[in-house]
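A.B. asks: Sharing a structure with you now.
Taken together, the values in this text are just the output of simple stated rules run on the coordinates, not laboratory data. In this text the structure is predicted, and so the values were computed from the model without any measurement. Note: ideal-geometry Cβ built from the backbone for every residue, glycine included; neighbour counts use all protein chains shown.
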Amino acid sequence: MKKAKQIQHMISKPFDLLSEELVFIILDLVAQSPSDLKSFSLTCKWFYQVEARHRRSLKPLRAEYLPRTLTRYRNTSDLDLTFCPRVTDYALSVVGCLSGPTLRSVDLSRSFSFSAAGLLRLAVKCVSLVEIDLSNATEMRDAAAAVVAEAKSLERLKLGRCKKLTDMGIGCIAVGCRKLKRVSLKWCVGVGDLGVGLLAVKCKDLRSLDLSYLPITGKCLHDVLTLQHLEELLLQGCFGVDDDSLKSLTHHCNSLKNLDASSCQNLTQRGLTSLLSGARCLERLDLAHSSSVISLDFASSLNKVSSALQSIRLDGCSVTCDGLKAIGTLCISLREVSLSKCVTVTDEGLSCLVMKLKDLRKLDITCCRKLTGVSITQVANSCPLLVSLKMESCSLVSRDAFWLLGHKCRLLEELDFTDNEIDDGGLISISSCRSLSSLKLGICLNITDRGLSYIGMGCSNLRELDLYRSVGITDIGISSIAQGCCHLETINISYCKDITDKSLVSLSKCSMLQTFESRGCPHITCQGLAAIAVRCKRLTKLDLKKCPFINDSGLLTLAHFSQGLKQISVSETGVTDVGLVSLANIGCLQNIAAVNTRGLSPSGVAAALVGCGGLRKAKLHASLRSLVPPSLITHMEARGCAFLWKDYNNHNNSNTLQAELDPKYWKLQLEEDIEL
Amino acid sequence: MEPEDDLCQNNWGGSSSSSSSKRREQVCFTSQHKWEDASILDYEMGMEEEPAFQENSNNNNGGQVNVDFLQGVRAQAWDPRTMLSNLSFMEEKIHELQDLVHLMVARNGQLQGRQEQLVAQQQQLITTDLTSIIIQLISTAGSLLPSVKHHNMSTAPGPFTGSALFPYPREANNLASQTLNNNTCEFDLPKPIVVEEEHEMKDEDDVEEGENLLPGSYEILQLEKEEILAPHTHFCTICGKGFKRDANLRMHMRGHGDEYKTPAALAKPNKEAVPGSEPMLIKRYSCPFPGCKRNKDHKKFQPLKTILCVKNHYKRTHCDKSFTCSRCHTKKFSVIADLKTHEKHCGKNKWLCSCGTTFSRKDKLFGHIALFQGHTPAIPLEETKPSAQKGSSACENSNNNNTGMVGFNLGSATNAIEEVAQPGFMDGKIRFEDSFSPLSFDTCNFGGFHEFPRPMFDDSESSFQMLISSACGFSPRNGGESVSNTSL
């Protein structure tokens, strides 16, 4: 009798039979969807406890609840506070006390209002802290950096945009944190040669060093390049690094794999040669926007690194035909080439380059406006392994060039045909690329539903589709995409003027949808939006600007169903106070844009602002600035919300919308603007 | 060899006596550089040998020397072939000279009526030739000997404790050196290598390192402690009043009568040393403190340049530091000029290390931090920070912990005894220091070494610099400066 009862008891709690490890394995699988995990933990007390013990990473929405959250999740090792704009010293000390021993990584890159005292608590209590991200702490001074140095076991440190930091602070960190492996000092404009040099002298384990936009000269690079394990060195926009200071540089940094010397205006071939002299195993080289001409001479400086080089970026450089030819002959193992915005690239140069590069995987020829179909045909013929091709605004490429691409390059995953002459025939050819995941067809005026339906049938792995201003597309095309591509995560149908609610309803089948942009679609209404809101639970980004039929009811549905929404634009819609206030229901909403929404009153905006606790950015009409109480604005700013006051004067709203919807007119306008 | 000896004596005998007497009079120590320069010019034509030989010739040249043995060993490489070629060269020269003198003797009668000028010219010619031969001879002989020395008591004006003639067994050498000494004792050979500028007295300890004076190329004077510390060095012979400066004394003397008001009496006494007359011996000074590196009995003796150097050195290293900075109340000095220099900059050293050392320049601070383990930049106005507290305690430790330092010095001394040649010796030193693990280096607490009296580091300074350069990639000069920076 007793036994039977026991058995019955065990059956009623079958999970009692499982060891915690096994449950954890199950939970690892459940954890792929946050909402599933939530349902699991709400099942029973035991599940609740198991889930609390299982969870390692936390991304809380409000810093106020940190004490309770951290009490529940005792094993937290990764704490991401990017949703909490305001993290006080108290909150940091709570973190230090509650999850001190287990915490390994903290992200404070989006937070402020903590000081050195809070960081000290964190550094002292969290003995095993390995990673800390203090980017954007623009008010952080050397004293706080000296406190960070107390975290002795730190390996990864990000200090991007800590503008008030100087050599002294970096010196403290260099001395204190000897185990540092990855350091980013991007935009720390107060840090110079001495700080970086000391970092290199003291932290011998450095693997990655980001020195972008630092006022350093070549002096500290002498020390940096003696590091035994350095793999990544980013020198983007270091204007002080010039040929003279690199003249005496000789190094044997064989570990260096990734070098970014983009936008180094004063670095020319001479300096680069000495910089590359010892980096025999370099795999990635970024020379975008450098001042030197990529000529034959220049290519000769690649001589020493050519054997292992896999990727080269020459964006915005003036590239000669000879230079490309030489690169093709020297660096035969190249897999990635980026020539974006190299206006001087010609068919001959590119053809010579790709002919030699049988292994080419990624090619970026964005805005190489001189290129014609000859190049694309050559690419298709010589690079069968091509995975990514970005060729935005190569408008001279004829439509038949695209036909070959799909047949020859079957492995394509990423395609950017924005502003090209591609037509349905091209799309049909491309639809044979089964693994295609990202397709950008913005401003492709020649494509229609027929071509798109082939994509929908062929490319079932499509994650991202951009149809911005591709006006030939209607509901039929979208519905075929929605049917075939169930993994779709991002779709942009802005200014596709024929799109109606039908498309939205069909798109609601794509449950993975995260970003939905339908700016300037005059026919969509709240019904379509409701379909999306109800079925696409992962929706995070929504652009409804210039959709005049969207109103409060749409937002009410959103507020109820799309709890994951982070960013929404309801400018120039029919939304009123009610809709806006209802958005406060969405906990993680960070960005709101509501400009020229005539139904909004100052008090309604004020209520919505107060209600949205996690708001980071609000884009509002300038006229509201004086109407909303200033104390409220200061309060919001103290909470970490930035205001963007926009002042558009579009009196004839409907007319401009009509004009904008006409792609030809829009393009003409754009060109006029560029010429101006 | 007979004839040359005769020739030498003939030629120089006359002038030497006068020059030595002149030297005895001279008290001015700064004018000697002029002499050197002039002698270089004179000598230019006779210089055909390699510099190494030149150096050796200087070895035999001067007064009382405490020879740096190591250097002597290094400079002389015995090579019979060079010797032979030298000898034959000299033979040729001697024959030439012989012919010339013969010619002159033959013509002597005819030339009676000729002008004096021509005779002077001839004499000069012969003198030059002779000089070059003699130098050749000396250098050739010198290459046979590890080092040659002799003493010249007569030239010493001050209280002079004659050091042992040949303190090293190797130098208790044969007749050759003796005869050489006889030949050259009154001989002021030019010193082509010595081109030293007049430098500020204050820097003597630092600048001295760069001086390449060979042992034996100068005479050594040693003042007594009382003499060094005496406030006045010039005394009135009539009333006995003391003065610091000779000029002041002369001003004072005017009051004692009209005979002291003549321009001759008021003139600077050493001004009559005209470039045309005979060059005098370089004077260098020895510190009376036994065991000091600046003492002439020290194995690696490094002489002091002037009396003022002696005074400053003695006060800095062997006296109490009685002057305290009125601003920081921590720094102490024994030389008042040092105090004044410090007070000029006190408080301006805003770059602070956790060990308490301050720097006037940021790069010096970072060089310091790069060199020492555990030192961090101290953020100003952050006294409450734990790092600062740690730093100060480390500093205290380092002040008490001299033992590591002493051991270090001993190590270098034993190295020196082993008679390793200078460059090799340096290498050995570097290895010695490299073998310090970072940790043990840390425990030695070199951080506080600025607080030590300077001479402890004189031995090791240059190798220190090399350590800096080898270990941290900082230029040696920088490192050296950072050391000297704070010791002032």
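A.B. asks: Let me know the mean shielding of A:116-124 by other chains, meaning the per-residue number of their Cβ atoms within 10 Å of its Cβ. Don't skip to the answer; put the middle values down first.
C.D. replies: Details: counts 3, 0, 0, 0, 2, 0, 0, 0, 1.
Per residue, the average neighbour count from other chains is 1.
A.B. asks: Per DSSP helix of 4 or more residues, -39500 (n - 2.57); summed, then divided by the residues of chain A. What does that give at 222 nm, rounded to the nearest 500?
C.D. replies: Working: 29 runs with 260 residues, N = 676.
Mean residue ellipticity at 222 nm (helix-derived): -11000 deg cm²/dmol.
A.B. asks: Can I ask one more? Ordered by residue, what ³J(HN,Hα) values in Hz, to whole numbers, does the stretch B:326-335 give under the Karplus form 6.51 cos²θ - 1.76 cosθ + 1.60, where θ = phi - 60° and Gly and Pro are x?
C.D. replies: Taking θ as phi minus 60°, the curve returns 6, 8, 8, 6, 10, 6, 10, 9, 9, 9 Hz for the stretch B:326-335.
A.B. asks: Would the stretch A:535-648 count as rounded, prolate or oblate if I go by the C-alpha gyration tensor, calling it rounded below 1.5 in a/c and otherwise prolate when a/b exceeds b/c, oblate otherwise?
C.D. replies: Working: a/c = 1.78, a/b = 1.27, b/c = 1.40.
Verdict is oblate for the stretch A:535-648.
A.B. asks: Shielding by partners for A:403-416, please: the mean number of other protein chain Cβ atoms within 10 Å of each residue's Cβ.
C.D. replies: On the way: counts 0, 0, 0, 0, 0, 0, 0, 0, 0, 0, 0, 0, 0, 0.
Shielding by partners across A:403-416 averages 0.
A.B. asks: Using DSSP to define loop residues, name the chymotrypsin sites (Phe, Trp or Tyr not before Pro) in the stretch A:439-495 whose beta-carbon has at most 11 other beta-carbon atoms within 10 Å.
C.D. replies: Details: sites: A:Tyr454, A:Tyr468, A:Tyr495; in loops: A:Tyr468, A:Tyr495.
Of the chymotrypsin sites (Phe, Trp or Tyr not before Pro), not one in the loops of the stretch A:439-495 has a Cβ with at most 11 other Cβ atoms within 10 Å.
A.B. asks: Distance in nm between label sites at B:Thr237 and A:Leu296, each 7 Å beyond Cα in the beta-carbon direction?
C.D. replies: Result: 8.9 nm between the two label points.
A.B. asks: Here's something else I'd like to know. Quick check: residue separation of A:Asp400 and A:Arg369 times 0.36 nm, minus the Cα distance between them. What number comes out in nm? Numbers along the way, then the final one.
C.D. replies: Numbers: separation 31, 0.36 × 31 = 11.16 nm, distance 1.73 nm.
Length gained, A:Asp400 through A:Arg369: 9.4 nm.
A.B. asks: Residues of the stretch A:149-181 with backbone nitrogen within less than 15 Å of a virtual label 7 Å along the Cα-to-Cβ line of A:Val124, please, listed as ranges.
C.D. replies: From the stretch A:149-181, the list is A:149-152.
A.B. asks: With θ taken as phi - 60° and the coefficients 6.51, -1.76 and 1.60, list the Karplus ³J(HN,Hα) couplings across the stretch A:613-618 in order, rounded to whole Hz; mark glycine and proline as x.
C.D. replies: Once θ is set to phi - 60°, the couplings for the stretch A:613-618 become x, x, 5, 9, 8, 10 Hz.
A.B. asks: I'd like the FRET efficiency for A:Leu632 and B:Lys225, computed as 1/(1 + (r/R0)^6) with the beta carbon distance as r and R0 of 56 Å, rounded to 0.05. Can you show the working numbers first?
C.D. replies: Numbers: r = 83 Å, r/R0 = 1.49.
So, using R0 = 56 Å, E works out to roughly 0.10.
A.B. asks: Lys and Arg at +1, Asp and Glu at -1: add these up for the other residues within a Cβ distance under 14 Å of A:Leu436 and post the number. Walk me through the numbers on the way to the answer.
C.D. replies: Details: positive: A:Lys390, A:Arg410, A:Arg434, A:Lys440, A:Arg463; negative: A:Glu413, A:Glu414, A:Asp416, A:Glu464, A:Asp466, A:Glu489.
Cβ neighbours under 14 Å give a net charge of -1.
A.B. asks: Going through the stretch A:581-628, which trypsin sites (Lys or Arg not before Pro) have at most 15 other Cβ atoms within 10 Å and a DSSP loop state? Please list the in-between numbers first.
C.D. replies: Working: sites: A:Arg598, A:Arg616, A:Lys617, A:Lys619, A:Arg625; in loops: A:Arg598, A:Arg616.
Here the sparse-neighbourhood loop sites are A:Arg598.
A.B. asks: Sort the following peptides by mean Cβ neighbour count (other Cβ atoms within 10 Å, averaged over residues), highest first: A:292-305, A:427-440, B:225-238.
C.D. replies: Working: A:292-305: 18.9, A:427-440: 21.1, B:225-238: 13.4.
Listed from highest to lowest mean packing, they are A:427-440, A:292-305, B:225-238.
A.B. asks: Can you give me the long-range amide H partners of A:Glu336? Hydrogens built in the peptide plane at 1.01 Å from N, cutoff under 5 Å, separation of 5 or more residues or another chain.
C.D. replies: Under 5 Å from the amide H of A:Glu336: A:Ser311, A:Ile312, A:Arg361, A:Lys362.
A.B. asks: Also, quick follow-up: Provide the net charge surrounding A:Val505, with neighbours chosen by a C-beta distance below 14 Å and charges set as Lys +1, Arg +1, Asp -1, Glu -1. Before the final figure, lay out each step's value.
C.D. replies: Working: positive: A:Lys502, A:Lys509, A:Arg535; negative: A:Asp475, A:Asp501.
Net charge in that neighbourhood comes out at +1.
A.B. asks: Given H placed on each backbone N at 1.01 Å, which residues far from A:His621 in sequence or on other chains put an amide H within less than 5 Å of it?
C.D. replies: A:Asn596, A:Lys646
A.B. asks: Between beta-carbons, use under 13 Å as the cut-off and find the net charge around A:Asn551, counting Lys and Arg +1, Asp and Glu -1.
C.D. replies: Details: positive: A:Arg598; negative: A:Asp552, A:Glu572, A:Asp577.
Here the charged neighbours net out to -2.
A.B. asks: Same structure again: Between A:Phe561, A:Gly611, A:Ser626, whose Cα lies farthest towards the positive end of the dipole of the stretch A:535-648 when Lys and Arg beta carbons carry +1 and Asp and Glu beta carbons carry -1, centred on the Cα centre?
C.D. replies: Positive-end residue among those listed: A:Phe561.
A.B. asks: A follow-up question, please. To the nearest whole number, what is the average tally of beta carbon atoms from other chains within 10 Å of the beta carbons of peptide B:366-377? If you can, show how the numbers build up before the last one.
C.D. replies: Values: counts 11, 4, 0, 9, 10, 1, 1, 3, 2, 2, 11, 17.
Mean shielding by partner chains, rounded to a whole number: 6.
A.B. asks: Which of the peptides A:161-170, B:244-253 is most tightly packed, and how do the rest follow, going by the mean number of other Cβ atoms within 10 Å of each residue? Intermediate results must be reported in sequence, preceding the final value.
C.D. replies: Working: A:161-170: 23.8, B:244-253: 15.0.
Top of the packing list down: A:161-170, B:244-253.
A.B. asks: Given the peptides A:393-402, A:359-368, arrange them by the average over their residues of other C-beta atoms within 10 Å, most packed first. Write down the numbers at each step before the final one.
C.D. replies: Values: A:393-402: 19.8, A:359-368: 21.5.
Packing proxy ranking, top to bottom: A:359-368, A:393-402.
A.B. asks: While we're on this one: Report ³J(HN,Hα) in whole Hz for each residue of the stretch A:509-520, in order, from the Karplus equation J = 6.51 cos²θ - 1.76 cosθ + 1.60 where θ = phi - 60°; Gly and Pro get x.
C.D. replies: 6, 7, 6, 8, 4, 10, 10, 10, 10, 10, 4, x
A.B. asks: So for the pair A:Leu22, B:Arg245, with labels modelled 7 Å out along Cα→Cβ, what separation do we get in nm?
C.D. replies: In this crude spin-label approximation the distance works out to 10.1 nm.
A.B. asks: How big is the gap, in Å, between the Cα center of the stretch A:223-239 and the Cα center of the stretch A:274-291?
C.D. replies: 11
A.B. asks: Quick one: compute the contact order of chain A, relative version, from alpha carbon pairs under 8 angstrom and 6+ residues apart, as a percent.
C.D. replies: It rounds to 5 percent for chain A.
A.B. asks: May I ask for the distance between the Cα centers of the stretch A:100-158 and the stretch A:558-629, given as a whole number of Å?
C.D. replies: Between the Cα centres of the stretch A:100-158 and the stretch A:558-629 lies a distance of 33 Å.
A.B. asks: Sticking with this one: Hey, for a label at A:Asn303 modelled as a point 7 Å past Cα toward Cβ, could you say which residues of the stretch A:329-373 have their backbone N under 17 Å away?
C.D. replies: Flagged as within label range: A:329-332.
A.B. asks: To the nearest 20 debye, what charge dipole does the stretch A:265-406 have about its Cα centre, counting +1 at the Cβ of each Lys and Arg and -1 at the Cβ of each Asp and Glu?
C.D. replies: Using Cβ point charges on Lys, Arg, Asp and Glu, the stretch A:265-406 gives about 200 debye.
A.B. asks: Let me ask you something else. Report the Cα centroid-to-centroid distance between the stretch A:381-453 and the stretch A:179-211 in angstrom, as an integer.
C.D. replies: Cα centres, the stretch A:381-453 to the stretch A:179-211: 43 Å.
A.B. asks: Calculated FRET efficiency, A:Val343 and A:Trp666, Cβ-Cβ r, R0 22 Å, to nearest 0.05? Don't jump to the answer; show the numbers that get you there.
C.D. replies: Numbers: r = 23 Å, r/R0 = 1.06.
According to the calculation, E is roughly 0.40.
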